[in-house]
1. How many residues are more than 10 Å from the chain's Cα centre (by Cα) and under 16 Å from Asn40 (Cβ atoms) when one looks only at segment 103-118?
2. Determine, yes or no, whether Gly17 is of a type outside the set (A, V, I, L, M), within 17 Å of Phe121 (Cβ to Cβ) and free of Cβ contacts under 8 Å to residues at least 60 places away in the same chain.
3. Among the residues of segment 9-23, write down those that are at pLDDT below 90 and buried (at least 16 other Cβ atoms within 10 Å of the Cβ).
4. Scan segment 56-73 residue by residue and report those that are free of Cβ contacts under 8 Å to residues at least 40 places away in the same chain and buried (at least 17 other Cβ atoms within 10 Å of the Cβ).
5. Might you check whether a residue that is modelled with pLDDT of 95 or more, exposed (fewer than 14 other Cβ atoms within 10 Å of the Cβ) and part of a strand (DSSP E or B) occurs anywhere in segment 41-55?
6. Which condition does Gly63 not pass, out of (1) of a type in the set (Gly, Ala, Ser); (2) more than 20 Å from Phe94 (Cβ to Cβ); (3) at pLDDT 90 or above, if it passes all the others?
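The values are calculated or read from the model by the stated rules, or taken from the named source; none is laboratory data. Predicted model, so just to flag it, every value in this text is computed and none were measured. Cβ placement follows ideal geometry from the backbone for every residue including glycine, while neighbour counts extend to all protein chains displayed.
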Amino acid sequence: MAQRRLPGGFELGLRLGDTYGGSAALDAVLPIYGDRLHGNLSVNHNNLIVAGLYDWLFPVGNGFLFYPGVGGIMSIGDEVSIGVAGEVGFEYRFDIPLSIGLDWRPILGIVNADGFTADGFGLNIRYRF
């Protein structure tokens, strides 16, 4: 069975929107077997917030991608909070090395967290190397 390959490689940029209490995050993508690892790092008050997700990539048109994903999220500060995150988004890859996307990231808090939150919408802007 042939592996599906998409153009581009590593990506680095910003995710603007809810990031488990923050409003902006450093956003990075690492390609892996036609899919990707998607990571975020942000700061909110005295907390460091780290998220890591595995996204499955599906081309839906010229330059457009649909991606569902799943992973985890952790907030480290006075307390440590841990949750499970999902992700659903659409992305456009320009002919120049720039990607822009919108996603929704619901989170289920597991340790020291407030249950289910569904307000995690974000705008991603990344440079592709």
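1. First, pick out the residues of segment 103-118 that are more than 10 Å from the chain's Cα centre (by Cα): 106-118.
With under 16 Å from Asn40 (Cβ atoms) added as a condition, the list becomes 106-107, 117.
Qualifying residue count, segment 103-118: 3.
2. no
3. Gly17, Asp18, Thr19, Tyr20, Gly22
4. Correct list: Tyr67, Gly69, Gly71.
5. No, that holds for no residue.
6. That leaves (2) as the condition not met.
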